[in-house]
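J.: Sharing a structure with you now.
The values are calculated or read from the model by the stated rules, or taken from the named source; none is laboratory data. Just so it is clear, the model here is predicted, and its values are computed rather than measured. Because the Cβ atoms are built from the backbone with ideal geometry, glycine has one as well, and the counts that use them run over all protein chains shown. The area values use the complete protein model at the heavy-atom level, side chains included, leaving out ligands, DNA and RNA. Shrake-Rupley method; radii C 1.70, N 1.55, O 1.52, S 1.80 Å.
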Amino acid sequence: MGDAFEAIVGVAHVERPSGPRLAGARVAAIVRPGNARELAACLRAASDAGTSIVAYGAGTRQHLGNRLDVVECVRLELGRICERVEVEPDEGIATFDAGVRIGELARAVAACGKTSGLSDLAPDGTVGGALAADPFGPDWTLDRQLRNELLGLEIALANGELTSAGGRVVKNVTGFDLVRLYCGSLGTLGVITRATVRLRAAPESERIVRAHFASLEAGVRAFASAERSTELEAAALRPDESGVELLCRLSGNARAVELLASQMPGESAPLERWHRVRAELATPPGSGRVRVRLSARPSDVAALCRAAAEAVGSSALRGVYPLAGSLVADVDDADLSRLSAVAERLDALFFAERAPGAGPTPYDVFGPPPSSLALMRALKTRFDPRRTLAPGRFVGGI
């Protein structure tokens, strides 16, 4: 199989390592295509040979998803696909190749007085990897999510076809929204090679307001009161040994931000405090631990917190993000069934992240199979009938 890849990308860009593993499978080869056409040709060759492929950006999100259900795979690295960095501030859009680093993207759009939904993610990650993972962050709300910032994608399918979805304007979706389907699919339906994202004006001012409360319940009540009286950009509740810290992020017009901050409980905190929250949430859990995220309606977050604290103890909670209706906990394997039961009882979503290099995962990290699993399997069969792309990685072992 290595000879076939060498014929496509060149001998210098194929490596045959000994020892590395990825999502539980042995890495038989590392292939580094230089453009989307080469990548698509690699997928076609792998599909024809019955070889499993895992698309790989910078490796910052490879701890997400289930283990592969194959013995070995080929790691297809996208780092060389990084030539196009095109920002159009007047149009409010930017187009980037999948291998472009998030930090480079953030600097390019900031130079034009803009920001994007990708700008706040880990700078070492790649555009393609971030979009494939659709990672949760403290800035997300029900309406503000990475998939909502996407306008168009170029994708390489398992059969070697290069296709596109969406476009370069906001209102161009007719029929099935394939852009959002690919975002967050962990590379199991196709490999993203290029993306066009929406840009927004960079805020004139940002402010972090911090308050501390004796209990998580008191912090949740304080947040609810603040939300009714002010327009919050984002919020996080961070349990500690003496209670809970409430951090609220405000952004926008300088005068408006100053006024909102004066109405909030607590005092100003350095913006770096929010940056640390982002970094902590993006860092995989420690060895032997599993990070679980439960998500429900924002109005149900208080009930979700109480139920999770009763199930695994409040010390396991890493953070609560009320505008997204989500909480995050780091737990042992023994606690997973209890948190899964909480999610099922409260009609919440369950998702688990395991530390890189951890042993076999005794559960589906996406929780109990959803009612839409049959449809999801049908989509996998339609887009990747030979199960070439990251087999077993997604919901229900798709």
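J.: Within the stretch 69-89, how many residues turn out to be in contact with an Asp or Glu (Cβ under 7 Å, 6 or more places away or on another chain) and at pLDDT 95 or above?
T.: Of the residues in the stretch 69-89, 2 are in contact with an Asp or Glu (Cβ under 7 Å, 6 or more places away or on another chain) and at pLDDT 95 or above.
J.: Here's a check for you: in the stretch 276-300, which residue that is open to solvent by 10 Å² or more (accessible area, probe 1.4 Å) and aliphatic (A, V, I, L, M) is nearest to SER337 (Cα to Cα)?
T.: ALA296
J.: Then there's this: For the stretch 154-268, please list each of the helices (runs of 4 or more DSSP H) lying entirely inside it that holds at least 2 residues being among the basic types (Lys, Arg).
T.: 216-229
J.: A follow-up question, please. Can VAL191 be described as within 30 Å of ASP90 (Cβ to Cβ), open to solvent by less than 30 Å² (accessible area, probe 1.4 Å), β-branched (Val, Ile, Thr) and in contact (Cβ under 8 Å) with a residue 24 or more places away in the chain?
T.: So VAL191 does not fit the description; no.
J.: Is it fair to say VAL109 is hydrophobic (A, V, I, L, M, F, W, C), more than 17 Å from ARG194 (Cβ to Cβ) and over 19 Å from the mean Cα position of the chain (by Cα)?
T.: It is false that VAL109 is hydrophobic (A, V, I, L, M, F, W, C), more than 17 Å from ARG194 (Cβ to Cβ) and over 19 Å from the mean Cα position of the chain (by Cα).
J.: Determine which member of the set ALA329, ALA378 is open to solvent by 30 Å² or more (accessible area, probe 1.4 Å), free of Cβ contacts under 8 Å to residues at least 40 places away in the same chain and either farther than 29 Å from SER287 by Cβ or under 19 Å from the mean Cα position of the chain (by Cα) (or both).
T.: ALA378
J.: Output the number of the condition that LEU162 fails; it satisfies all remaining conditions of (1) open to solvent by less than 60 Å² (accessible area, probe 1.4 Å); (2) modelled with pLDDT of 95 or more; (3) not hydroxyl-bearing (Ser, Thr, Tyr).
T.: (1)
J.: Could you list all residues from the stretch 56-76 that are open to solvent by less than 30 Å² (accessible area, probe 1.4 Å) and closer than 19 Å to GLY10 by Cα?
T.: Scanning the stretch 56-76 gives VAL74, LEU76.
J.: Cβ contacts < 7 Å: first residue surrounded by 20 or more Cβ atoms within 10 Å (Cβ to Cβ), restricted to the stretch 98-113; second residue assigned to a helix (DSSP H, G or I) and not basic (Lys, Arg), any location; separation 6+ or different chain. Result?
T.: The qualifying pairs are ALA98/VAL127; ALA98/GLY128; GLY99/GLY128; VAL100/VAL127; ILE102/VAL127; ILE102/ALA130; LEU105/VAL127.
J.: Here's a follow-up. Does the stretch 134-156 contain at least one residue that is open to solvent by 20 Å² or more (accessible area, probe 1.4 Å), modelled with pLDDT of 90 or more and more than 27 Å from LEU294 (Cα to Cα)?
T.: For the stretch 134-156, residues open to solvent by 20 Å² or more (accessible area, probe 1.4 Å), modelled with pLDDT of 90 or more and more than 27 Å from LEU294 (Cα to Cα): present.
J.: Let me ask something additional. Go through (1) open to solvent by 20 Å² or more (accessible area, probe 1.4 Å); (2) modelled with pLDDT of 95 or more; (3) among the hydrophobic types (A, V, I, L, M, F, W, C) for ILE53 and report which single condition fails.
T.: (1)
J.: Taking the conditions exactly as written (more than 20 Å from PRO298 (Cα to Cα), more than 23 Å from the chain's Cα centre (by Cα), buried (at least 19 other Cβ atoms within 10 Å of the Cβ) and of a type outside the set (Lys, Arg)), does LEU260 satisfy them or not?
T.: So LEU260 fits the description; yes.
J.: OK, next. Filter the stretch 274-291 for residues that are basic (Lys, Arg) and assigned to a loop (DSSP other than H, G, I, E, B) and give the result.
T.: ARG289
J.: Still on this structure, please answer the following. Could you say which residue among GLY10, GLY24 is out of contact with any strand residue (DSSP E or B) (no Cβ under 6 Å at 6 or more places or on another chain), within 22 Å of VAL70 (Cβ to Cβ) and either surrounded by fewer than 19 Cβ atoms within 10 Å (Cβ to Cβ) or not β-branched (Val, Ile, Thr) (or both)?
T.: GLY24
Residue-by-condition table, conditions (1) under 24 Å from the mean Cα position of the chain (by Cα); (2) in a helix (DSSP H, G or I); (3) among the charged types (D, E, K, R); (4) at pLDDT 95 or above:
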site	(1), (2), (3), (4)
SER18	no, no, no, no
VAL27	yes, no, no, yes
ALA45	no, yes, no, yes
GLN62	yes, no, no, no
GLU91	no, no, yes, no
GLU104	yes, yes, yes, yes
